1. Condition test on B:Ala96, is it at pLDDT 80 or above and open to solvent by 30 Å² or more (accessible area, probe 1.4 Å)?
2. Looking at (1) farther than 25 Å from B:Ser241 by Cβ; (2) in a helix (DSSP H, G or I); (3) within 14 Å of chain B (Cβ to nearest Cβ), find the lone condition where A:Leu164 falls short.
3. Return a yes/no flag: does segment B:105-117 have any residue that is open to solvent by less than 50 Å² (accessible area, probe 1.4 Å), more than 43 Å from the chain's Cα centre (by Cα) and under 25 Å from B:Glu156 (Cα atoms).
4. Conditions: (1) within 14 Å of chain A (Cβ to nearest Cβ); (2) touching a residue at least 40 places away in the same chain (Cβ under 8 Å). B:Met271 meets all but one. Number of the miss?
5. Considering only residues that are among the aliphatic types (A, V, I, L, M), in a helix (DSSP H, G or I) and open to solvent by 10 Å² or more (accessible area, probe 1.4 Å), which ones fall in segment B:366-390?
6. For segment B:108-134, give me the residue count where each residue is of a type in the set (Val, Ile, Thr), at pLDDT 90 or above and under 16 Å from B:Gly83 (Cβ atoms).
Amino acid sequence: MTTNSSNSSIADHAIFVQAITKRFGDFMAVDHVNFEVNRGEIFSLLGPNGAGKTTIIRMILDILRPDDGQIQVLGGALTDATKDRIGYLPEERGLYKNVKVLEMLIYLGQLKGMSTHDVRVRALDLLERFGLSDNTKSKISQLSKGMQQKVQTIATILHKPDLLIIDEPFSGLDPVNTQLIQDLLYEMKAEGVTIVMSTHQMHQVEEMADRLLMINKGQRVLYGPVKEVRQAYAQNAVIVEGEGNWTTVPGVKEVLAGRNGQEAKLMLAPGFTPDDVMQILASRKDYAVRRFELAVPSLNEIFIQVVGGNGSRAEARFNDVRAAD
Amino acid sequence: MTHWYQVFVFEIKRQFGRKAYLLLTFGLPVLALVIFGAYRTYESSRDDRSEEKQELITTTNDQQIGYIDATAQQLFPAPETYGPATARDCNFDPDAPFTPGTIKRVTQPKCFTGRIHAYSDLTVGKAALEDKTIDMLFVVEPNYLATGEVSLYTEEFNLATSDSSGLFTDFLLSSMLQNASGPTYDLLYLRLRQPSAVTEHRVVETGAEEQNEDQNFVVAYVTAILLGMTLFWGGGYLMQSVVQEKESRIIEILLSSVPARALLVGKILAMGVVSVVQVTMLMGTAMFIGRQAGSIADSLSDVEIGLGKIILIAIYFVLGYLLFGGLMAAIGAMNTTSREAQNYTAAITLPAISPMFFLTLFVEEPHSTIPTVMSMFPMTAPIAMMMRIAISDVPAWQVLVSIGGMVVMIVGALWLAGKLFGVQSLLTLDNALKLKDLPKALRSKS
């Protein structure tokens, strides 16, 4: 198990998952998965469709019970009181069509242990912030899909949860509302809320998440800080943009055309590091460099590479790199 | 188990906010009462005579009646031969004190003057009928005293014909009683117009007496209908409510806050209340109108069901609803749409109402084999035992066996519904659970 659990107590983690397994008949949905989510971080759960992400989330929320393994949430086993501290926005989500917006929110807030008065005040406040204050008496069926999505998000954070678990939070939202939700999540993080986010939108993960867990076929294939994961997949190469004959640079064994037609990807020869190449370029007058960066792959590329290839080997490689660091 | 109360309150509010429910539960009774009230107002304005007088002389129309007295004794002289019919003699003031002889005074034969006309023979009578002087012609046959035979000649039969026949019968009665004293006349006139009100008392093997079968039938029928309607409506609402959690995709949000069983308990109790309110409103309105119209007052006026039986019936009512509600909820949890779920409901409702197919047997032989077995088998017990309890005394051991069996099955039904409503609701969001996969689904850990 490549976790830090041995060095820190369970109470330090918002979620502590140890060797959980879940079968549905002959199908192994989750296979001995370990991970922890630190308090106050944005943690991303990644994986292709059917990888087992939703099953893991449902086990965390005690909707499903694991066949084996242990789960601790907010410092202990999940109780009704703990559930009241969690906000959950599932991927398969909806609301009662013929119920008015405010009534719906009051009901869901009450189910989280809030008093009618408190939930009403909080709901009206959030509805105003989300631009829905004119729709408090509208029925859910009268709202657009995007507006319904916003009401669902409000319902998730209504009770000021300590742990937020959201599945595809940006699906169906336009850029303005995506930004609204994104700002809200940053704000909640700043207030100390732990956020677990499952999404297919890799750029959101790159931008927002502190750490990630990638699942494929029920098994953990990548786990760790987002930056480290990307670094681990970085090739011995640099991306440059500017003028000069890149093929004659000492230490460059191959030059590949970049994605935008202006940049070039310089594959380095063994024994040469990006620092060596940068020093060479800086000392030569016949090269003008406007941009120089490590050739770190995007999470999207890593995702395709890992899911398309051998997941176990991918994690072994990542762990080797971390160990070498 | 927390939060069931919030679910209960919300589900009741949600159901009461539905137009279809409000229309059926409150709109329909109000409409029926308005129509009934309007009909009664119309009826009373059409006839300005007092109800009391109408009860003494049966008529609501102004048809002219002819008759021929063919008896050898000439038992029925013409009304006018009794003297002039003055308003003082024949009018009935409902506000005046009702003294002995009042009935004789207002119903004496001369008071029929102007409505009933005597004819000497059939030829003359028929001529009067043909020229529309009279609307109908009665012939009191020669053998009347021995047989009571009266012939009626008329051009067409309608409701008024029947009404006028009643008036002629009143005339015959008052003519035959005219020599009786005032108080005797009053008693005999009223009694002979309704000579018997039969109450049957069945002597069973134990020597105990049982109630009138007509009353038993009504009581058993009303009891069975009450539970049957509650089951259909309450169970239907519950099933719909469970399916809707999946159709609306809110189920996972709810399950992250509320355990499946708490959700289910809240829903079962709410739908029970909702359907009891609905059944009470509809049945109450029907009973009220029926009683006002006089159609069921006689049947139920002297029905006596002891407190013990009422408590037992209430217990079966609750147990029956929990059993069938639990099963309906399980069906809802297995299916993805209300339409799919409807296909399975017959498997529950058919056994539930099957005792009603044997209603006559339950009324006539409540302790025979079929009623006894049905009242102890959990699926048929609620309606079967309620009917038996309502109309007879059921041995205590049979009640205990029946309740025990039902409690066991209720626990099983609620466990099944809870199991399916939790995990399976999520796993079958898009595809209904097939019956062959049910055992595997129940074995899964949740």
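1. Judged against the criteria, B:Ala96 is not a match.
2. (2)
3. Just the residues of segment B:105-117 that are open to solvent by less than 50 Å² (accessible area, probe 1.4 Å), to begin with: B:106-112, B:114-116.
Next, from what is left, pick out any that are more than 43 Å from the chain's Cα centre (by Cα): none.
For segment B:105-117, residues open to solvent by less than 50 Å² (accessible area, probe 1.4 Å), more than 43 Å from the chain's Cα centre (by Cα) and under 25 Å from B:Glu156 (Cα atoms): absent.
4. With (1) within 14 Å of chain A (Cβ to nearest Cβ); (2) touching a residue at least 40 places away in the same chain (Cβ under 8 Å) applied to B:Met271, the lone miss is (1).
5. Pass one, segment B:366-390, residues among the aliphatic types (A, V, I, L, M): B:370, B:373-374, B:376, B:379, B:381, B:383-387, B:389-390.
Within this subset, residues satisfying the condition of being in a helix (DSSP H, G or I) are B:370, B:373-374, B:376, B:381, B:383-387, B:389-390.
Result: B:Ile370, B:Val373, B:Met374, B:Met376.
6. So the count comes out to 1.
Condition check ((1) closer than 26 Å to A:Leu111 by Cα; (2) open to solvent by 20 Å² or more (accessible area, probe 1.4 Å)) across all residues:
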{"residue": "A:Gln142", "(1), (2)": "yes, yes"}
{"residue": "A:Lys145", "(1), (2)": "yes, yes"}
{"residue": "A:Leu173", "(1), (2)": "no, yes"}
{"residue": "A:Val226", "(1), (2)": "no, no"}
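Residues are listed down the side, and each one gets a yes or a no for (1) over 30 Å from A:Met59 (Cβ atoms); (2) out of contact with any strand residue (DSSP E or B) (no Cβ under 6 Å at 6 or more places or on another chain):
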residue: A:Arg85; (1), (2): no, yes
residue: A:Pro90; (1), (2): no, no
residue: A:Arg93; (1), (2): no, yes
residue: A:Ser115; (1), (2): yes, yes
residue: A:Ser138; (1), (2): yes, yes
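The values are calculated or read from the model by the stated rules, or taken from the named source; none is laboratory data. Just so it is clear, the structure is predicted and the values come from calculations on it, not from any experiment. Ideal geometry is used to build each Cβ from the backbone, glycine not excepted, and the neighbour counts take in all protein chains shown. Each accessible area value is taken on the protein alone, full model and side chains, heavy atoms only, with ligands, DNA and RNA left out. Shrake-Rupley method; radii C 1.70, N 1.55, O 1.52, S 1.80 Å.
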